[in-house]
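See below for the structure under consideration.
The values are calculated or read from the model by the stated rules, or taken from the named source; none is laboratory data. In this text the structure is predicted, and so the values were computed from the model without any measurement. All Cβ positions, even for glycine, are placed from backbone atoms using ideal geometry, and neighbour counts span all protein chains on display. Surface areas here come from the heavy atoms of the whole protein model, side chains and all, with no ligands, DNA or RNA. Shrake-Rupley method; radii C 1.70, N 1.55, O 1.52, S 1.80 Å.
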There are 2 protein chains.
Amino acid sequence: MSRLPPLNALKCFETAARHGSFSKAAEELHVTQSAVNHQIRQLEHWFGVPLFDRQGRQTLPTPEGAELAESLAEAFGIMDGACQRIAKSDGKSNLTIAAIPSIATIWLIPRLPAFLKANPNIGVRLLHAIFEQPIDFEDVDLAITYGDWNQAPPTATKFLEGVSYPVCSAHYLTLAGPLREPADLLKCSLLHDFDRRPWSKWFKAAGTKIDDRLPGLLFEGFNLLYSSILAGQGVGLAPTAILADDLKAGRLVQLFDIPVLEEKAYFISEPANPRESRADDVAIFKAWLLEQAAS
Amino acid sequence: MSRLPPLNALKCFETAARHGSFSKAAEELHVTQSAVNHQIRQLEHWFGVPLFDRQGRQTLPTPEGAELAESLAEAFGIMDGACQRIAKSDGKSNLTIAAIPSIATIWLIPRLPAFLKANPNIGVRLLHAIFEQPIDFEDVDLAITYGDWNQAPPTATKFLEGVSYPVCSAHYLTLAGPLREPADLLKCSLLHDFDRRPWSKWFKAAGTKIDDRLPGLLFEGFNLLYSSILAGQGVGLAPTAILADDLKAGRLVQLFDIPVLEEKAYFISEPANPRESRADDVAIFKAWLLEQAAS
DNA sequence: CATAATACATGAATAAATTTCATGGAGCTG
DNA sequence: CAGCTCCATGAAATTTATTCATGTATTATG
């Protein structure tokens, strides 16, 4: 096979010819107009033949350019098809998202149908990330975890605040009577996630003296705590960010404006070596996540 | 169109898959094996799928790799065809060589048929370069000129020596009788090219006292001088390098081993901005010229 | 008809990708 | 097992691509 011109220049040219505009091509290729211009110039010089007619505002391919563009479109089409097939042939075609159970159940799953509807070409496979256990990024395109934001890797993207407040169901509040000051909570059923220290911290922050050991149910995992709160079994400490829907709907009520666990956050992690063939989909999903979190 | 992998990596891969060998691909692409390796690695990482099975000495495409390679071969084939057509569509498809008349007639034209036979895909168009007149490189891929080598541009390639010796036809030598020493030449018909100074210089170099003005025929151009020498009309000063065939065949005879015009040379010049679509052909032709000159 | 507005052109500076270099390791083969 | 031939790899060097900061030309527009 004989010598080919620089392939990137050909790609630039094909795009520009398709749009009949360097600027549009630049946009499609996510580069500046200047870059496209340089590439096409290089190509014209390579051939020694002008490929575009520049007549003022109009920029149309010359006959040679048009012919070349046509063939290139075909060639790149074949390439693209083949690459798509390979990228999807490994059975991992879907975006694989690892999320800790809490956010997966409470926040992500309810929102996911909207994403799938808006992006019908992207499939999503959802895995559970076990809390504080390293994620096998071999098979994961993006992970959503919870932890101390100060200790998160610099590549992580903060996503939702982890700051927690006392929360209970609206129904429980009517039963437990008015809760005017923090100390009133000592009369309530306290619900704990894994350990009792957050509640201790909270009472300390609230300036309420407490006994050494706080009473109340201890759950193994936030989802169980959440179910318990929802069921009206008591007051739990929970990140209000992921409960926005419940709070807005009035199912849950936040008690007092005294925060705890301010340093915690939900954040997005990405593999050190992402599969670049998924890069676009990952970027779309990530943008969607952040947008959802912001609204 | 969705995101494509790096195109150069695809080209590398296609070549490697076709050869079933990284080293062979490297050779075809005129790069090192290392470069091919890096590119293919990059591509495998991009897809997240291995494209080659490395089993010791064997390096064969995986099924995915084979499928991809097939499509890529087709795509690159289309590209290549299209680029060839464009490169040749400008009516300047032939290599355009500008040569000064002397070397064109005496040296190049006799050798050209062999080149064309050995390289049937390359057409050659031969132009005359006028002596000491700038060449219009817009339309010339390679020029062969004669001049002072010390003043040649640094990009020029020396090709044949321009050093000249007294030369006459074998027949003339028998007529003019034995020519034992330089002074004997003064009795001969001296033949000049453009001006009489070279002969003056020669006699000076030979240590022979001469009158102010030398007699003899003055030709406008080396080809005329050459014809005259061949016809046995006298002794001329000529670069023996381009007369190698005549000297070997015995038609011409070199007299004395006293050189003149040592600083002159025939050399190859190339355009500052070559048409890269011709680069391969130009390189082949240039290599052939140098090889012919050396033999 | 001046004035934005839009699109391509260009040179220098910067950033990124590719290639080489210099090795290492693994599998044949005589 | 020594010598070949391949592929693998990290760091350095080189080449290529891109941006930035402008410039020029043409087209709309009040």
Along the positive direction of the dipole of the stretch B:164-261 (beta-carbon charges: Lys, Arg +1; Asp, Glu -1; about the Cα centre), which of B:VAL260, B:LEU247, B:LEU217 reaches farthest? B:VAL260
Find which of B:HIS30, B:TRP46, B:PRO61 sits farthest along the positive direction of the dipole of the stretch B:25-113, computed with +1 on the beta-carbon of Lys and Arg, -1 on that of Asp and Glu, about the Cα centre. B:HIS30
For a label point 7 Å along the Cα-to-beta-carbon line of B:ASN273, residues of the stretch A:21-44 with backbone N under 17 Å: A:37-44
Chain A - mean residue ellipticity at 222 nm from DSSP helices (-39,500 (n - 2.57) per run, n ≥ 4, rounded to 500): -12500 deg cm²/dmol
Let's see if you can work this out: charge +1 on each Lys and Arg Cβ, -1 on each Asp and Glu Cβ, no other charges. What is the dipole magnitude of the protein assembly as shown about its Cα centre, in debye to the nearest 20? 120 debye
Farthest toward the dipole's positive end in chain A, which of A:ALA272, A:GLN151, A:VAL163, given Cβ charges of +1 (Lys, Arg) and -1 (Asp, Glu) about the Cα centre? A:VAL163
Neighbourhood net charge (13 Å Cβ-Cβ; Lys/Arg +1, Asp/Glu -1) for A:ILE268: -1
Is the stretch A:164-261 rounded, prolate or oblate when judged by the Cα gyration tensor, a ≥ b ≥ c being the square roots of its eigenvalues, rounded requiring a/c under 1.5 and prolate requiring a/b larger than b/c? rounded
Qualifying GluC sites (Glu not before Pro) for the stretch B:160-267 [loop in DSSP, other Cβ within 10 Å: at most 14]: B:GLU220, B:GLU262, B:GLU263
Simple Cβ-charge dipole of chain A, Lys/Arg +1 and Asp/Glu -1, about Cα centre, in debye nearest 20: 500 debye
Of the accessible area of the stretch A:7-88, computed with a 1.4 Å probe and all protein chains kept, carbon and sulfur make up a percent value of 51 percent
Can you list, shortest first in nanometers, how far B:GLN84 lies from the same residue in the other copies, with each label 7 Å from Cα toward Cβ? 2.9
Sort shortest first the distances from A:ARG251 to its counterpart in every other copy, using label points 7 Å along the Cα-to-beta-carbon line, and give them in nm. 10.4
When the scattering of chain B is computed by the Debye formula from its Cα atoms alone, each counted once and equally, what is log10 I(q)/I(0) at q = 0.13 Å⁻¹? -0.94
So, with +1 on the Cβ of K and R and -1 on the Cβ of D and E, and no other charges, what is the size of the charge dipole of the stretch A:179-295 about its Cα centre, to the nearest 20 debye? 400 debye
Based on Cα positions only, what radius of gyration and what Dmax would you give for the protein assembly as shown, in angstroms? 41.3, 140
Ballpark to the nearest 100 Å², how much total accessible area do B and A bury together, probe 1.4 Å? 4200 Å²
